[in-house]
Amino acid sequence: MLRYSHIDLFSPISIDPPFHLFERREHIIQPTRLDRSTSSPIQTNKFYENLMLDNGQDPIWPLPYGLRWERGQNRTFLGFSISHVDDDKKVFGPDPNKNPVEFYYSLYTPTIVFSAKELESNHELILSNISEFSSIIKLFPYGHSNSYISFPISRGMSFITAEYKDLTPLFYSESGFKKIELLQTIANGYTKWKFFLKDDSVWLFYANGNLTLETKSLYKLEATSGQYSGIIQITKVPAGNREAEVVFDNNVGTYPIGAELQASADGTYTFNWKVGGDKSNPLLIYSLPHHRESFVKTLSQTSIELSTPTKGKAIAYLGNTWSFIEPNLPTDIEFLPANFQSRLSNDKKKQILEQAKKDLDLDFNKEILTDSIYFSGKRLSKFALLCLILNKGLDEQNLGAICINKLKKIMDIYTQNQQQAKLVYDTTWKGIVCISGFTKGANADFGNTWYNDHHFHYGYLIYAAAILRHLDKEWGKQNEVWVDNLIRDVANPSAKDSYFPVFRSFDWFNGHSWAKGLFTSVDGKDEESTSEDVNFYYATKLWSIASNRPNFTKLMDLILAILSRSLRNYFLIEDNNKNHPENFIKNKVTGILFENKINYTTYFSSRIESIHGIQMLPITPITPYTRNRNFVEQEWNQRLGPILNSVNSTWKSILYMNYATINSEAAYQFFLNNHDTPLDDGLSRTWALFWSSIADCNDIFGLISFS
């Protein structure tokens, strides 16, 4: 449930049925192993997705642990496993001696497996209570739903908790049990064991019922006390931390079962963790680095620290309420910088106007109308920016009116759903998808029909629509439902809207979106184009401004602030970054960030200009807010400047647009004098010249700093 403080940032955009011109279609992919006792929309881009797709046997990554359903011909054990890999055991490659390495990841190892004697290879799994922060996973013998192991899974959980009901516990370890020690019964009635594994890791085991364990082999422990009903909790002891065991003992029996999110217009937001088990103890939950930067209330930090696969160190805190403050909201960043006029000389205005006339003469239909929502959206936003510059940047109202009319004719094709790649409303997962995947296969238009990249694709469409509404209020009102539907698909803020899941893409715990939809992946969800992630929330903010929705504008400001912070921690890597291994930092960007792997590449190219450029486009007034000057300078000096002369593709134009934020004159001269260099299909030379005239200007954008 989403709640609010002071004003309702989470009020629904609409609760009406989806746009009537979106045909209703049932999806090819059906969710499996999902409790369908509720008709709530099903999430498509959350951390537990692997369990309801295909055979359900790829891991999930709630952090800092990985978890996996162990079932099938290729699995040694049966049940549900835990994996955690310390930093010194991560895999680097392809040449681990190279600096920087191209990738690193944690090799999933079923270190400890929860099982039961009654579980056979045909045992079943049901996923229920799925939400932003949590889910419940239940294993039960085939045909025996009254006997089960139930796992409340939550982001940041410090204990992996299992509730056994009338089953005989078994525990396996691929690493092997070197020794187990029965220690004592602690104050709240839990019996405690310590497991010493062959990989030298140490784990604590707690049970609140009548349970005795015996080692049956190096890899197997069995309960000899018969069937068991009660709670079992397991947690890893950080290497060398003598204090951790006392903290775990004091807080055993308590575990998170989700969280309620609150937010305020002043940049504060809160996770109110919901407590399962013993509610007399505070929750012990692992935090990520970007959380710790913005905690506003004094929480009780512990010394317990574990590595995460791709997000640095997780540190455990005690407390049921986490409150944060984002002090640098991008409230002043709107359609154009407020005082851009002071940066434009008369000579440059004339040059930009001459280029704008040429761009205005282009065949908009030929440029825009493609069979791809993604590429069409990029080009729509390109020409929308042209209209914005003519009307508001250069104050050329006559030419601006011509541009608006040309653009509206094409936008109307999309708002009437008459484009080649029509949009439909999927009644299975409840979302707006491109029809192409149903006819051309799952990978059509980058997997849009399978819920890949919706924030990338629809961000461009919303950006174009926001500019048009800014310039033509009547057009915006007439097409409000169409745009609102695209926003609801990606960022529906309220469970009161029963037609779309809440926040499909944005992950409030990780602080950024996930692009991967209904595709399984051994390394979990992933995100590649951070700048297109930013573009969606920036475009939605602009639409909210043009629509006079101040509360939703404030919500977008908050998300952009959180996103900027998480990008700085995990994706855009400055020299002093503490969250990535030293032998990766010189890459400067992550490339593709998975939940369990970072790979310095893209899905479409391994060239350096592509890996960095996909983290830049589109360049808009929000760009300097998320790509600060220090980072841009380091990236340029260390990675991009040295390769610039070898780049002859459209990516060169994107690199120079980014370079304009630190050297506007050099970028301006490049775009003015190099007409033979091709531009990115989402970039007009008019916007390139205009942006390069004003971008290197701290008095316009402000110096972004983080507390």
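The values are calculated or read from the model by the stated rules, or taken from the named source; none is laboratory data. Note that the structure is predicted; figures quoted are calculated from it, not measured. For neighbour counting, all protein chains shown are included, and Cβ atoms are generated from backbone atoms with ideal geometry for every residue, glycine included.
A few notes on this one:
- Residue list for segment 335-377, restricted to those being closer than 21 Å to A539 by Cα, touching an Asp or Glu at 6+ places or on another chain (Cβ under 7 Å) and either without any contact (Cβ under 8 Å) to a residue 60 or more places away in the chain or not in a helix (DSSP H, G or I) (or both): A338, S372
- The one condition from (1) farther than 26 Å from N250 by Cβ; (2) in contact (Cβ under 8 Å) with a residue 24 or more places away in the chain; (3) not basic (K, R) that I186 does not meet is (1).
- Residue match in segment 429-440 (condition: over 22 Å from A539 (Cβ atoms) and under 18 Å from the mean Cα position of the chain (by Cα)): no
- Counting the residues of segment 390-428 that are closer than 30 Å to K349 by Cα and within 33 Å of the chain's Cα centre (by Cα) gives 4.
- Index of the failed condition, I404 passing every other in (1) closer than 24 Å to T553 by Cβ; (2) without any contact (Cβ under 8 Å) to a residue 12 or more places away in the chain; (3) in contact with a helix residue (DSSP H, G or I) (Cβ under 8 Å, 6 or more places away or on another chain): (2)
- A single entry from G312, G253 fulfils the requirement of being in contact with a strand residue (DSSP E or B) (Cβ under 8 Å, 6 or more places away or on another chain), at positive phi and not aromatic (F, W, Y): G253.
- All positions within segment 393-448 that are among the aliphatic types (A, V, I, L, M) and assigned to a loop (DSSP other than H, G, I, E, B): L394, A421, I435, A442
- The residues on offer are N398, N417, and the sole one that is under 19 Å from W482 (Cα atoms), surrounded by fewer than 19 Cβ atoms within 10 Å (Cβ to Cβ) and at pLDDT 95 or above is N417.
- Screening segment 537-593 for residues that are hydroxyl-bearing (S, T, Y) and not in a loop (DSSP other than H, G, I, E, B) and picking the one that is farthest from K98 (Cα to Cα) gives S544.
- In the set (1) within 15 Å of the chain's Cα centre (by Cα); (2) assigned to a helix (DSSP H, G or I); (3) farther than 23 Å from D266 by Cβ, D523 fails one condition alone, (2).
- Some residue of segment 692-706 being in contact (Cβ under 8 Å) with a residue 40 or more places away in the chain, closer than 30 Å to P62 by Cβ and either outside the structural domain of G459 (by TED's automatic domain parsing) or more than 29 Å from the chain's Cα centre (by Cα) (or both): yes
- Filtered residue count, segment 281-296, keeping only those that are surrounded by fewer than 18 Cβ atoms within 10 Å (Cβ to Cβ) and in contact (Cβ under 8 Å) with a residue 24 or more places away in the chain: 4
- Of the residues screened, E665 is one that is more than 26 Å from the chain's Cα centre (by Cα), part of a helix (DSSP H, G or I), of a type outside the set (V, I, T) and in the same structural domain as Y570 (by TED's automatic domain parsing).
- Members of segment 313-335 that are assigned by TED's automatic domain parsing to the domain that holds V275, among the hydrophobic types (A, V, I, L, M, F, W, C) and more than 24 Å from the chain's Cα centre (by Cα): L318
- Out of E181, E163, E132, one residue alone is assigned to a loop (DSSP other than H, G, I, E, B) and not basic (K, R). It is E132.
- When restricted to residues that are of a type in the set (S, T, Y) and touching a helix residue (DSSP H, G or I) at 6+ places or on another chain (Cβ under 9 Å), segment 269-307 contains 5.
- Output for segment 310-328, where each listed residue is among the aliphatic types (A, V, I, L, M) and surrounded by 18 or more Cβ atoms within 10 Å (Cβ to Cβ): A314, I315, A316, L318
- Per the listing L197, L170, the residue uniquely at pLDDT 95 or above, surrounded by fewer than 21 Cβ atoms within 10 Å (Cβ to Cβ) and out of contact with any His (no Cβ under 9 Å at 6 or more places or on another chain) is L197.
- No other residue among D453, D426, D445, D412 is modelled with pLDDT of 95 or more, of a type in the set (D, E) and closer than 22 Å to M556 by Cα apart from D453.
- Scope segment 476-490; condition of a type in the set (K, R) and either closer than 18 Å to H457 by Cα or touching an Asp or Glu at 6+ places or on another chain (Cβ under 7 Å) (or both); matching residues: R488
- Among the conditions (1) closer than 30 Å to F364 by Cβ; (2) modelled with pLDDT of 95 or more; (3) surrounded by fewer than 19 Cβ atoms within 10 Å (Cβ to Cβ), A666 misses just one, which is (1).
- For segment 297-316, the set of residues classified as free of Cβ contacts under 8 Å to residues at least 40 places away in the same chain, part of a strand (DSSP E or B) and over 30 Å from F103 (Cα atoms) consists of S300, Q301, listed by residue number.
- Selection status of Y460, buried (at least 24 other Cβ atoms within 10 Å of the Cβ), modelled with pLDDT of 95 or more, among the hydroxyl-bearing types (S, T, Y) and in contact with a helix residue (DSSP H, G or I) (Cβ under 7 Å, 6 or more places away or on another chain): yes
- Among all positions in segment 205-214, there is at least one residue which is farther than 21 Å from E305 by Cβ, loosely packed, with under 15 Cβ neighbours inside 10 Å and not charged (D, E, K, R).
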